[in-house]
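Below is one structure, written out as structure tokens; the observations come after it.
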């Protein structure tokens, strides 16, 4: 088994070197594994569409596939009337190293394929995170009509959500400003009412003070008038004419 594995590994490397010589290793075996390094069956049409996006001619693809099949490194079978290809052995996965950029592109393509399947069956759209991942690799992905429709509808849905969020934020800001203005108006009205009450109290206090001063003045005037009348009466009582009249009155009383 070890000898068989060693020979297969050696032969696999030799075939890859030959593919590299014709400039095709970058799209041959890497198209038959997932981003997490698992075998996957791909039809000829899928491989052709994927590689067409990378400017790889179908003739070059067919040449590489034929060489790998003849070397028993790939297994081919019919799927829905067309050939489909798969790596022949799991241990070949250990000989394939994916470039990080290739791995990221494959992960994005696999994500898109899964989401297209869900869109076809359930009409679900991409969420914001998945849309961002796919858009980052948009130019490197294989897009059919359903994939393009899914991306376009998801982008429109994202824009609607963004407008809704912006509108909601604007509404919140408007309500906040309106609330602040109402509060300021209420504070201003309360201040005006307090000022009016203070002015009224001041006016009432002034009026009361004026009335008090008037009463005091009248009382003082009355006291002064009384004092003046008493003084005048006293002056009359002590005048000579008053004394003579008193004596005359007394004499008349005695004569009687």
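The set of residues from the stretch 53-82 being assigned to a helix (DSSP H, G or I) and in contact (Cβ under 8 Å) with a residue 24 or more places away in the chain comprises 60, 61, 63, 64, 65, 67, 68. Here the condition is being at pLDDT 85 or above, surrounded by 16 or more Cβ atoms within 10 Å (Cβ to Cβ) and more than 29 Å from residue 144 (Cα to Cα); of 89, 44, it holds for 89 alone. Of the candidates 61, 68, the single residue that is touching a strand residue (DSSP E or B) at 6+ places or on another chain (Cβ under 7 Å) and modelled with pLDDT of 85 or more is 68.
Under the condition of being within 26 Å of the chain's Cα centre (by Cα) and closer than 27 Å to residue 47 by Cβ, which residue from the stretch 145-161 is surrounded by the most Cβ atoms within 10 Å (Cβ to Cβ)? Once the filter is applied, the top-ranked residue is 150. For residue 125, the conditions (1) modelled with pLDDT of 95 or more; (2) under 26 Å from residue 30 (Cβ atoms); (3) touching a helix residue (DSSP H, G or I) at 6+ places or on another chain (Cβ under 6 Å) are fulfilled apart from (2). Residue 25 meets each of the listed conditions (1) at pLDDT below 55; (2) loosely packed, with under 13 Cβ neighbours inside 10 Å apart from (2). Taking the stretch 128-144 as the range and being more than 25 Å from the chain's Cα centre (by Cα) and farther than 19 Å from residue 51 by Cβ as the test, no residue passes. Looking across the stretch 83-120, the residues that are touching a strand residue (DSSP E or B) at 6+ places or on another chain (Cβ under 8 Å), more than 30 Å from residue 132 (Cβ to Cβ) and touching a residue at least 24 places away in the same chain (Cβ under 8 Å) come down to 83, 84, 85, 86, 87, 90.
The values are calculated or read from the model by the stated rules, or taken from the named source; none is laboratory data. The structure presented is a predicted model; accordingly, all values stated were derived computationally and were not measured. Every residue, glycine among them, receives a Cβ derived from its backbone with ideal geometry; neighbour counts consider all protein chains shown.
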